[in-house]
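The values are calculated or read from the model by the stated rules, or taken from the named source; none is laboratory data. On a predicted model such as this, the values are computed, not experimentally measured, just so you know. Here Cβ is always computed from backbone atoms with ideal geometry, including for glycine, and neighbour counts include all displayed protein chains.
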Amino acid sequence: MRTAIVWFQRDLRLNDNPALYQASQRFEQVIPLYIDAPKEAGLWAPGAASRWWLHHSLAALSDSLSRIGSLLVIRSGDTEAVLRELIGEQGVAAVYWNRRYEPWAEARDQTVTESLSATGIDCRRFHTGLLHRPQDLLNRSGSPYRVFTPFWHRIEAQMFDQPVLPRVRQLNAPAKPVASLPLADVALKPAHAWADSIAAHWRPGQAAAEAVLQRLVDRAADGYADGRDYPALAVTSRLSPHLHFGEISPGQIVYRLQELAAGDASNRQSLIRQLAWRDFAYYLLHHFPKTPEQPMNPRFREFPWRSNTDRFLSRWQRGRTGIPLVDAGMTELWETGWMHNRVRMITASFLTKNLGIHWLHGARWFWDTLVDADLANNTLGWQWVAGCGADAAPYFRIFNPVTQARKFDAEGRYVRRWLPQLAGLPNRYLHSPWEAPSDVLEATGIELGSAYPMPLVDLGQSRKAALAAYDTIRTPA
DNA sequence: CCTGGAGTTGTCCTA
DNA sequence: TTAGGACAACTCCAG
């Protein structure tokens, strides 16, 4: 009986899973394995929200596997040591897995492959997490793209060329029992009561991911293209955490989006572009592997970020800046493990530009609190906002959170949902309560400085300070 | 080889 | 009230 290990990482699904599918076709016995080895990711070991998701997603995967005659094996420790141990126990001939694309993972997987192959183990890595392999695309001068639009023009025509594999319906477990840690023993689930709050908003696992996609297609992604900028509307796909953990593949999403009728072409196109952005984020991470910590634009190494961050940073983290839209966003993040995309840009712009705090502090907080925390997307997003990344926002583009709120949350539905203490304010003052006359504040019983803070900084002054700071690193004319 | 246009997500001032 | 211009620098590519 020939036996293979299928090593699960960020591909926690039975559908369209090439490593699992190929192993199930070629081997009589398959051992599905998850290895808990957070240290191997260094600074980017999963944060608290990711661990919560991972715990439940592994439970769902384990349940799915048990329905097809198999069992998820969970082990903890150094990846290569764990693999070797299991190979020895079970006389395994091959290890199959789907690639992940973070630089630390690519380096580790290369080492593991070389080492196991040297001792006669057949190691096979499959490509399924992205629509395009990062190393395959270069511009005409042979260097990596740094701007999204040319990258998009290059891949646009191929977006639909994605094979989708059938679900694996049966898996033979090895005759000899395989020891596994109980999921609860792998310190994934945070003890905070905080986890209960996120749990109310999400259902991890492949089945839920497919239901989310099905609903998106059924609604014909109704209003996505026009509505995705309005945080009070529930038109975004909310697929991001499912995609991050590979409960669904980008190929499956593209495949299903093709069903949308011609009348929904603009919604479909908008969604497909978002998947292209995801590919672009991984593309940049592959070609510029230091960017999770280092600014892509070297000039920003000299940028005068605020040195003492403590007071401002913690107020931002907990949504106590005194700017309602920023605080609403940070509250949504804290309570649900997710934040609307436009509000991510606005809260990030406020941290980096108005508070002058290094984008890495923001990236670290998002990393810990987002259920969809993803190294490529997080890095691209923060560097873009800070102005130091690829295709970045120009230095003068500083979001005014009040202007943005009046434009994208005109009725105040989003701010009132997350900051109920301000709900009584009339729309006119909701987004800038410090401008409300005292009789309006009294009538609504809101005391600025206690029930809700005064603004941490003056928006106009801090904007000017940011422009002056950016001026110090501009090239001389 | 050179040149010009265009580029996910903005703000503010002026006329 | 609203539209237009200024606010960089750089990347990529079509012509």
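Filtered by the rule that a residue be exposed (fewer than 14 other Cβ atoms within 10 Å of the Cβ) and either under 26 Å from A:Val254 (Cα atoms) or free of Cβ contacts under 8 Å to residues at least 40 places away in the same chain (or both), the range A:84-121 gives A:Gly88, A:Ala107, A:Gln110, A:Thr111, A:Glu114, A:Ser117, A:Ala118, A:Thr119, A:Gly120.
Listed here are the residues, each with its yes/no results for (1) in contact (Cβ under 8 Å) with a residue 60 or more places away in the chain; (2) part of a helix (DSSP H, G or I); (3) of a type outside the set (S, T, N, Q).
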| residue | (1), (2), (3) |
| --- | --- |
| A:Gln294 | no, no, no |
| A:Ser314 | no, yes, no |
| A:Thr321 | yes, no, no |
| A:Leu325 | yes, yes, yes |
| A:Ala328 | yes, yes, yes |
| A:Glu332 | yes, yes, yes |
| A:Glu335 | yes, yes, yes |
| A:Met339 | no, no, yes |
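If you check A:Arg397, A:Arg417 for being modelled with pLDDT of 95 or more and either of a type outside the set (S, T, N, Q) or within 9 Å of DNA strand B (Cβ to nearest atom) (or both), only one passes: A:Arg417. Comparison of A:Ala157, A:Ala195 shows that the only residue that is modelled with pLDDT under 90, within 16 Å of DNA strand C (Cβ to nearest atom), in a helix (DSSP H, G or I) and not β-branched (Val, Ile, Thr) is A:Ala157. Among the residues of the range A:66-83, just one is among the aliphatic types (A, V, I, L, M), farther than 14 Å from A:Ala184 by Cα and surrounded by 22 or more Cβ atoms within 10 Å (Cβ to Cβ), namely A:Leu83. In the set (1) of a type in the set (S, T, N, Q); (2) at pLDDT 95 or above; (3) within 25 Å of A:Trp104 (Cβ to Cβ), A:Asn297 fails one condition alone, (2). Restricting attention to the range A:360-374 and to residues that are within 12 Å of A:Leu333 (Cα to Cα) and of a type in the set (D, E, K, R), the residue that is farthest from the chain's Cα centre (by Cα) turns out to be A:Asp368.
Just so you know, in the range A:296-312 the residues that are in contact (Cβ under 8 Å) with a residue 12 or more places away in the chain and part of a helix (DSSP H, G or I) include one that is surrounded by the fewest Cβ atoms within 10 Å (Cβ to Cβ), and it is A:Glu302. Looking at A:Arg416, A:Arg428, just one residue is within 16 Å of DNA strand C (Cβ to nearest atom) and surrounded by fewer than 22 Cβ atoms within 10 Å (Cβ to Cβ), and that residue is A:Arg428.
Output the residue which, of all residues in the range A:431-477 that are within 16 Å of DNA strand C (Cβ to nearest atom) and of a type in the set (Gly, Ala, Ser), is surrounded by the fewest Cβ atoms within 10 Å (Cβ to Cβ). Per the stated criteria, the residue is A:Ala477. With the structure loaded, tell me whether A:Pro324 is over 24 Å from A:Thr379 (Cβ atoms), not assigned by TED's automatic domain parsing to the domain that holds A:Ala107 and not polar (S, T, N, Q) or whether it fails that test. Against the criterion (over 24 Å from A:Thr379 (Cβ atoms), not assigned by TED's automatic domain parsing to the domain that holds A:Ala107 and not polar (S, T, N, Q)), A:Pro324 qualifies.
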